[in-house]
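Participant: Mind having a look at this structure? Questions to follow.
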Amino acid sequence: MRRNKMRLTGAVVVSAALALSAVACGGDDDGGGSGGGDEITIGFMGDKTGENSGLVIPPMQGAQLAIDQYNATNPKTKIKLKVYDSQGKAEQATPLAQGAVKSDKIVGLIGPAFSGESESVGPILEEAKIPSISPSATSVTLAEKGWKFWHRVVADDAVQSEGAANFLVNSVKAKKIFTVSDKQAYGEGLAGAIAKAAAAKGVQTQSDGVDDKATDYSSTVNKINQFKPDAVYFGGYYAVAGRLFKQLREAGYQGKMMSGDGSLATGLIEGAGEKNAQKALLSCGCMIDAEGKTNEKAKKFATDYKAKFGAEVAIYSTEGFDAATAFIEAVKAGKTTPEDINTYLKTVDIQGVGKQIKFDDKGELAAQDIFIYEVQGNKLPLLGNSNEAKVS
C-alpha cells in the first residue's frame, strides 16, 4: 500500500466488523511494557476506523492471531499487542508514534500500514531505536532512507509494476495500456511505474488522473474509449477503482481492467457492482492463499484465521501474521529489548505462512514476488505468481 492508505478479500466486511471486538480480547489494552520483563508491548499502527480500514484490519487481525497463538503456549515473556489508529493519516500517526515510544514503551511496531504515515513515523522510530516491520507500505523510497530499524514483508512498487507489466504483456497480450491514477502519492507512483515498465516492453501507453474525492470520471472514461486500450490499469484505492470500473463498463469499455494492492478488496466489487467487476484483475506483493496452493502453512493459517475471526483471510492478513512472527521469533530467542530485537531481525530466516522471512541490509525481503488475483463472482481468488498466472 502507499499514499496514506491500503486493502482486503472474501468476507472482509464481516472481518472488519469482527476485528473491532476481536482486538479487545486480543491485546489492545492500556499500559505498556518495556523490554526485559514478563510482558513486552508491540504496537500495530494503521487505519483502523478510516475510509481505507478494510485494507488494514486484515493485517491487524493476522498479527493478533500470531501473538495470541504465541501467548497461548504460556511463554516466559508474553507479548501484548497495542493498536494505534492513525486512520492512515501522517498527521495522526506522528503523535501516536511519539506516545507509543515515550509512554507505552513499545519494543517494536508492526506498521505503519501505509507509505505516507511510514514516511512520517520512520524518523521517530529510528531516533528511538525501535524496530518496525510494515506488512503493507510499498513506496520505493522507504528503503532508500538509510533507516537501520525499518523492515517490511512485502515487495515495493517497483517490483509490483514490473510484475504487473509482465503479466499484462505476456498473459493478457496487451498492446495498448491506459493508466489512471488518483493523483495521490501511492496511486500516481504505481500508475506511472506501470506505464514506464509497459512502454519499455514496446506497449503503447496513455495516462490520465482522476480526483479521488470526485464521483464523475466521464472525462477520463471518454479518453480511454477514444484510445481503445487492451487494458486499463488504475493506481489507487478500491473506492475510486470501483467507481471508475463501473463507469467504464457502463460506457461500453470491454477491455481488461486492472488495479494494484490498494484495490484488492471486496469493496472494489461493491463499488463497481458485481456484474461490472467480473474478471477485473489485481496485482499485489501480498499472498492470499486460503486453499494452501503455495504451502501447507498458508492453509492452516487460513483455517485458524477463519475460526478466530469468522472471515476468510484477506489482503495482508498473511503479511500481518508474518511480521508478528518475526518479532515473536526474536522474543523466543530471548531478545526482549528494542536493539536486541533489531539485531535478531538481521539474521532471521524462516518460512512464513506467506513468504520466506529474511531481510536484506535495507530491511527488504530477500525474495520478492508479485501475485495476481481476479474477480470471480464476489470473490478475489489467487491466479498465481505474476510470471506464471493465466487469466481465466
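The values are calculated or read from the model by the stated rules, or taken from the named source; none is laboratory data. The structure presented is a predicted model; accordingly, all values stated were derived computationally and were not measured. Cβ sites come from the backbone with ideal geometry, for glycine too, and all protein chains shown count toward neighbours. For accessibility, only protein heavy atoms count, side chains too; no ligands or nucleic acids. Shrake-Rupley method; radii C 1.70, N 1.55, O 1.52, S 1.80 Å.
Participant: Of all residues in the stretch 73-95, which are in a loop (DSSP other than H, G, I, E, B) and open to solvent by less than 30 Å² (accessible area, probe 1.4 Å)?
Facilitator: Across the stretch 73-95, the qualifying residues are Pro75, Thr77, Ser86, Gly88.
Participant: Take the residues in the stretch 288-301 that are acidic (Asp, Glu) and out of contact with any helix residue (DSSP H, G or I) (no Cβ under 6 Å at 6 or more places or on another chain); name whichever of them is surrounded by the fewest Cβ atoms within 10 Å (Cβ to Cβ).
Facilitator: Glu296
Participant: Just give me the residues in the stretch 167-194 being open to solvent by less than 20 Å² (accessible area, probe 1.4 Å) and either farther than 17 Å from Asn387 by Cα or touching a Cys at 6+ places or on another chain (Cβ under 7 Å) (or both), in sequence order.
Facilitator: Answer for the stretch 167-194, where residues must be open to solvent by less than 20 Å² (accessible area, probe 1.4 Å) and either farther than 17 Å from Asn387 by Cα or touching a Cys at 6+ places or on another chain (Cβ under 7 Å) (or both): Ile177, Phe178, Thr179, Val180, Ser181, Asp182, Tyr186, Gly187, Leu190, Ala191.
Participant: For the stretch 317-325, state whether one or more residues are open to solvent by less than 20 Å² (accessible area, probe 1.4 Å), farther than 22 Å from Gly262 by Cβ, at pLDDT 95 or above and not hydroxyl-bearing (Ser, Thr, Tyr).
Facilitator: Looking through the stretch 317-325, at least one residue is open to solvent by less than 20 Å² (accessible area, probe 1.4 Å), farther than 22 Å from Gly262 by Cβ, at pLDDT 95 or above and not hydroxyl-bearing (Ser, Thr, Tyr).
Participant: Something else: Applying the selection to the stretch 258-270, what residues are over 14 Å from Arg243 (Cβ atoms) and either over 13 Å from the mean Cα position of the chain (by Cα) or surrounded by fewer than 24 Cβ atoms within 10 Å (Cβ to Cβ) (or both)?
Facilitator: Answer for the stretch 258-270, where residues must be over 14 Å from Arg243 (Cβ atoms) and either over 13 Å from the mean Cα position of the chain (by Cα) or surrounded by fewer than 24 Cβ atoms within 10 Å (Cβ to Cβ) (or both): Met258, Thr266.
Participant: Another question about this same structure. So how many residues does the stretch 345-384 have that are within 30 Å of Ala330 (Cα to Cα) and either over 18 Å from the mean Cα position of the chain (by Cα) or at pLDDT 90 or above (or both)? Give the steps one after another, and end with the answer.
Facilitator: Step one: list which residues in the stretch 345-384 are within 30 Å of Ala330 (Cα to Cα), which gives 345-371.
From the residues that got through so far, the ones that are either over 18 Å from the mean Cα position of the chain (by Cα) or at pLDDT 90 or above (or both) too are 345-353, 356-365, 370-371.
Adding up the residues that qualify gives 21.
Participant: Please count how many residues of the stretch 141-166 are more than 24 Å from Tyr253 (Cβ to Cβ), open to solvent by less than 10 Å² (accessible area, probe 1.4 Å) and polar (S, T, N, Q).
Facilitator: 0
Participant: Here's something else I'd like to know. Output the number of the condition that Gln87 fails; it satisfies all remaining conditions of (1) at negative phi; (2) under 17 Å from the mean Cα position of the chain (by Cα).
Facilitator: Unmet for Gln87, out of (1) at negative phi; (2) under 17 Å from the mean Cα position of the chain (by Cα): (1).
Participant: Turning to a different aspect of this structure: Can you find a residue that is modelled with pLDDT under 95 and in contact with a Pro (Cβ under 6 Å, 6 or more places away or on another chain) anywhere in the stretch 303-314?
Facilitator: Within the stretch 303-314, one or more residues are modelled with pLDDT under 95 and in contact with a Pro (Cβ under 6 Å, 6 or more places away or on another chain).
Participant: Right, another one. Identify the residue in the stretch 108-140 that is under 24 Å from Gly354 (Cα atoms) and among the aliphatic types (A, V, I, L, M) and, among all such residues, is surrounded by the fewest Cβ atoms within 10 Å (Cβ to Cβ).
Facilitator: It comes out as Val140.
Participant: Taking the stretch 236-252 as the region of interest, how many residues are open to solvent by 10 Å² or more (accessible area, probe 1.4 Å), aliphatic (A, V, I, L, M) and in contact (Cβ under 8 Å) with a residue 60 or more places away in the chain?
Facilitator: Summing the residues that are open to solvent by 10 Å² or more (accessible area, probe 1.4 Å), aliphatic (A, V, I, L, M) and in contact (Cβ under 8 Å) with a residue 60 or more places away in the chain in the stretch 236-252 gives 1.
Participant: While we're looking at this one, here's another question. Test Asp304 against the stated conditions and say whether it is among the charged types (D, E, K, R) and open to solvent by less than 20 Å² (accessible area, probe 1.4 Å). Walk me through it before giving the result.
Facilitator: Values: among the charged types (D, E, K, R): yes; open to solvent by less than 20 Å² (accessible area, probe 1.4 Å): no.
So Asp304 fails the test.
Participant: Based on this model, can you work out whether Val153 counts as under 30 Å from Ala326 (Cβ atoms) and touching a helix residue (DSSP H, G or I) at 6+ places or on another chain (Cβ under 9 Å)? First the steps, then the outcome.
Facilitator: Values: under 30 Å from Ala326 (Cβ atoms): yes; touching a helix residue (DSSP H, G or I) at 6+ places or on another chain (Cβ under 9 Å): yes.
Criteria met by Val153.
Participant: Which of (1) part of a helix (DSSP H, G or I); (2) closer than 16 Å to Tyr316 by Cβ is the odd one out, the single condition Gly116 does not satisfy?
Facilitator: (2) is the only condition that Gly116 fails.
Participant: Hand me the list of helices (runs of 4 or more DSSP H) wholly inside the stretch 284-392 holding 2 or more residues that are among the aliphatic types (A, V, I, L, M), within 23 Å of Ala113 (Cα to Cα) and in contact (Cβ under 8 Å) with a residue 60 or more places away in the chain.
Facilitator: Passing ranges, in order: 317-332, 338-345.
Participant: Give the residues of the stretch 111-138 that are among the hydrophobic types (A, V, I, L, M, F, W, C) and within 21 Å of Gln160 (Cβ to Cβ), sorted by residue number.
Facilitator: Ala113, Phe114, Ile133, Ala137
Participant: Do we find that Ala389 is surrounded by fewer than 15 Cβ atoms within 10 Å (Cβ to Cβ) and among the aliphatic types (A, V, I, L, M) in this structure?
Facilitator: No: the conditions fail for Ala389.
Participant: In the stretch 146-181, how many residues are more than 16 Å from Val203 (Cα to Cα) and modelled with pLDDT under 95?
Facilitator: So the count comes out to 7.
Participant: Could you pull out the residue among Gly285, Gly255, Gly273, Gly209 that is open to solvent by less than 30 Å² (accessible area, probe 1.4 Å) and at pLDDT below 95?
Facilitator: On the way: Gly255 fails: at pLDDT below 95; Gly273 fails: at pLDDT below 95; Gly209 fails: at pLDDT below 95.
That would be Gly285, the only listed residue that is open to solvent by less than 30 Å² (accessible area, probe 1.4 Å) and at pLDDT below 95.
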